[in-house]
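The values are calculated or read from the model by the stated rules, or taken from the named source; none is laboratory data. Every value quoted in this text rests on a predicted model; they were computed, and no experiment measured them. Every residue, glycine as well, gets a Cβ built from its backbone with ideal geometry; the counts of neighbours run over all protein chains shown.
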Amino acid sequence: MHTSTKAGAARVLAALAVMLTGVLAAGSPAVADNPYERGPAPTLASIQAAQGPFATSSVSVSAAQVSGFGGGTIYYPTTTSAGTFGGIAISPGYTATWSSLSWLGPRLASQGFVVFGINTLTIYDQPASRGRELLAALDYLTGSSSVRGRVDASRLAVAGHSMGGGGTLEAANSRPSLKAAVPIAPWNLTTNWSGVRVPTMIWGGQADTIAPVAAHAIPFYNSLPSSTEKAYIELAGASHFFPQTPNTTLAAYSISWLKRFVDNDTRYDQFLCPNPTGIAISQSRGTCPYTT
């Protein structure tokens, strides 16, 4: 074969290789820009739904199995094909047990999280203790629990009600590697949280007389530095106990916050920016659009 013929054949083969590569790439699933996205594109209906896109199961953890907190219940997506999930530990409030908030466990898990609803060492534990217990629960969840293989230990969050909400701020202040915090009607005698670097969504009840928003939730929010992503949502006419029964507004925007910062899923920005409004919300504020 002449040299010119060989060169021409080589050019044809190279062109075919480029074409084949293009065909194979077109037929292959695209690599997601965000490897932490879990579940389909969200809608208002999907974040408000009592059941998200993932089937869930649960496992009980007795106090005898753990140290540093009082056990609880872990809720998790049953799928093993979607990769690992972010983890969330949630504390109840003063004199309460996890059963007071238990509706939140499967609801959050069905959106693609591993959720650990904890009991505290005693029902009288103060916020600082509850903060330490939340972190101990996360350490157990990722290090020793039967579902540890389902949890991404680098993507963790905390939440809690009342003194558990105060404990949520304590935990966020002491562990800045957390990805999100959701204090719900938080109570704490400390009002300055300028050291918190964790993206924090604080919930208040307009008619709360136990942790009045003017003395707790709002000063807590205001003290968070402007460099920390933050939001405050106040529920119209709500008492201190609003999270103890299923609450669609609380669930929908908490899911959005956790998805945005635990999963880095910007598909949820649409529900957080501009700051949420509606008949269920007496006021809201926040730092959106987010830079994190």
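Of the residues screened, A211 is not one that is within 23 Å of L272 (Cβ to Cβ) and either touching a helix residue (DSSP H, G or I) at 6+ places or on another chain (Cβ under 9 Å) or free of Cβ contacts under 8 Å to residues at least 12 places away in the same chain (or both). The C-beta contact set for the range 173-190 (first residue touching a residue at least 12 places away in the same chain (Cβ under 8 Å) and among the basic types (K, R), second residue assigned to a loop (DSSP other than H, G, I, E, B) and surrounded by 23 or more Cβ atoms within 10 Å (Cβ to Cβ), distance under 8 angstrom, 6+ apart or interchain) comprises R175/V198; K179/V198; K179/P199.
Is it true that L108 is under 28 Å from N34 (Cβ atoms), in contact with a Leu (Cβ under 6 Å, 6 or more places away or on another chain) and crowded, with 22+ Cβ neighbours inside 10 Å? Full working, then the answer.
Working: under 28 Å from N34 (Cβ atoms): yes; in contact with a Leu (Cβ under 6 Å, 6 or more places away or on another chain): no; crowded, with 22+ Cβ neighbours inside 10 Å: yes.
Considered against the rule, which asks whether it is under 28 Å from N34 (Cβ atoms), in contact with a Leu (Cβ under 6 Å, 6 or more places away or on another chain) and crowded, with 22+ Cβ neighbours inside 10 Å, L108 comes out as no.
Within the range 136-150, is even one residue modelled with pLDDT of 95 or more, touching a strand residue (DSSP E or B) at 6+ places or on another chain (Cβ under 9 Å) and over 17 Å from S60 (Cα atoms)? Scanning the range 136-150 turns up no residue that is modelled with pLDDT of 95 or more, touching a strand residue (DSSP E or B) at 6+ places or on another chain (Cβ under 9 Å) and over 17 Å from S60 (Cα atoms).
Report, by residue number, each residue of the range 140-160 that is assigned to a helix (DSSP H, G or I), in contact (Cβ under 8 Å) with a residue 24 or more places away in the chain, surrounded by fewer than 24 Cβ atoms within 10 Å (Cβ to Cβ) and not aromatic (F, W, Y). Talk me through it step by step, then tell me what you get.
Filtering the range 140-160 for residues assigned to a helix (DSSP H, G or I) gives 140-143, 148-150.
Now drop any that are not in contact (Cβ under 8 Å) with a residue 24 or more places away in the chain, which leaves 140-142, 149-150.
Add one more test, that the residue is surrounded by fewer than 24 Cβ atoms within 10 Å (Cβ to Cβ), and what stays is 140, 142, 149-150.
Within the range 140-160, T142, G149, R150 qualify.
Taking A137, is it free of Cβ contacts under 8 Å to residues at least 12 places away in the same chain and outside any strand (DSSP E or B)? Steps first, please.
On the way: free of Cβ contacts under 8 Å to residues at least 12 places away in the same chain: no; outside any strand (DSSP E or B): yes.
When the stated conditions are applied, A137 does not pass them.
Residues of the range 161-182 that are part of a strand (DSSP E or B) and not small (G, A, S): H161, V182. When we screen R197, R267 for residues that are touching a Pro at 6+ places or on another chain (Cβ under 9 Å), in contact (Cβ under 8 Å) with a residue 24 or more places away in the chain and within 19 Å of A49 (Cβ to Cβ), the only hit is R267. Going through (1) within 19 Å of L169 (Cα to Cα); (2) touching a strand residue (DSSP E or B) at 6+ places or on another chain (Cβ under 8 Å) one by one, P77 falls short only on (1). Criterion first (of a type in the set (S, T, Y), over 21 Å from L104 (Cα atoms) and surrounded by fewer than 24 Cβ atoms within 10 Å (Cβ to Cβ)) does S194 satisfy it? Criteria met by S194. Checking A280, A251 one by one, the residue that is more than 23 Å from A41 (Cβ to Cβ), surrounded by fewer than 23 Cβ atoms within 10 Å (Cβ to Cβ), touching a residue at least 40 places away in the same chain (Cβ under 8 Å) and of a type in the set (G, A, S) is A280 and no other.
Scanning the range 208-237 for residues that are surrounded by 15 or more Cβ atoms within 10 Å (Cβ to Cβ) and of a type in the set (G, A, S) yields A211, A217, S223, A231.
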